[in-house]
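Student: Quick one: the structure is below, questions incoming.
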Amino acid sequence: MKKTAVGLLTLFLFGCAQQLPVKDEQQTTASVAKPITKPLAFASMVTAAEIKAAAKAQTAAAEKKASQKHQQALIKKDVTTDKITASTASAKLASVDHKQKAATKKTTKDGMLVLGHHEWVLILSDTKHVSAYIDPKSTTSRIGVKDLVEFERDGDNWVKFNFQGKEYKYPVKSWSKSEDKKRLPVVSLRTKLGDRNDEVEYQLIAGGNGVVLGENFMRDIAIQNSQRQYVQPRAK
């Protein structure tokens, strides 16, 4: 019985202890902040066209900025080399202008003709130009002819020949000898070259072709620049 009583008393005391509040002056309770709730904000809808336009504008702005930097770099480079470029260009232009003047020069300061390696001449024709070889080392001028025949007329020596497919007859002015000692007739033929219109003595070379203007034509009226061709205009 005693054990039963003791057990009941113990349960009673334990129940009373559970009901009594426990006070602890040193214990502090931390306040818990209440969460702040904000209303949800929804962004306005953006269309695909607007996104594409914005991207295009951004790309254009970047390209413009890069172009401006490039232009600034070019301007800076031009400023630093301007004097050199200008002086070099002036020298080149002066050189070209000098060459052009030299190339178009047809007479010397004292009025003599400037002849190239070849020149156009009118000879035995007033319309058909012939390319003549200029040879200042040759003392005489020469012309190659076909079917050369000597004959007499009124006691004078004459020759007939074909040149450029046409027959001509001329009195013999004199006789000369070729390198192989053959006798060659010399005739005087009207020759037009540029502004010149002269009687020129030519050796007639049988079986030859072409025209050679030698020293007897150039004497006191012309000089040669062998690096040029057809300097003088075609005679009329």
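The values are calculated or read from the model by the stated rules, or taken from the named source; none is laboratory data. These numbers come from a predicted model, not from an experiment. All Cβ positions, even for glycine, are placed from backbone atoms using ideal geometry, and neighbour counts span all protein chains on display. Heads up: the accessible areas ignore ligands, DNA and RNA and are worked out on the full protein's heavy atoms, side chains in. Shrake-Rupley method; radii C 1.70, N 1.55, O 1.52, S 1.80 Å.
Student: Given labels modelled 7 Å from the Cα in the Cβ direction, how far is it in nm from Ser67 to Thr139?
Tutor: 7.9 nm
Student: Can you give the accessible area of Arg190 in Å² (nearest 10), computed on protein heavy atoms with a 1.4 Å probe?
Tutor: For Arg190, solvent-accessible area is about 110 Å².
Student: Just report the Cα centroid separation between segment 164-181 and segment 191-236, whole Å.
Tutor: Distance between centres, Cα-based: 17 Å.
Student: Using a probe radius of 1.4 Å on heavy atoms only, what accessible surface per residue do you get for segment 116-167? Whole Å² is fine.
Tutor: I get 56 Å² per residue for segment 116-167.
Student: Express in nm, to one decimal, how much length is gained between Ile221 and Arg190 on full extension, taking 0.36 nm for each residue of separation and deducting their alpha carbon distance.
Tutor: 9.6 nm
Student: Continuing with this model, one more query. Grab the Cα-Cα distance for Asn197 and Thr107, subtract it from 0.36 nm times how many residues apart they are, and report the gain in nm with one decimal.
Tutor: Net length gain for the segment: 30.8 nm.
Student: Under a point spin-label approximation (7 Å from Cα along Cα-to-Cβ), what is the Thr127-Gln164 distance to one decimal in nm?
Tutor: 1.1 nm
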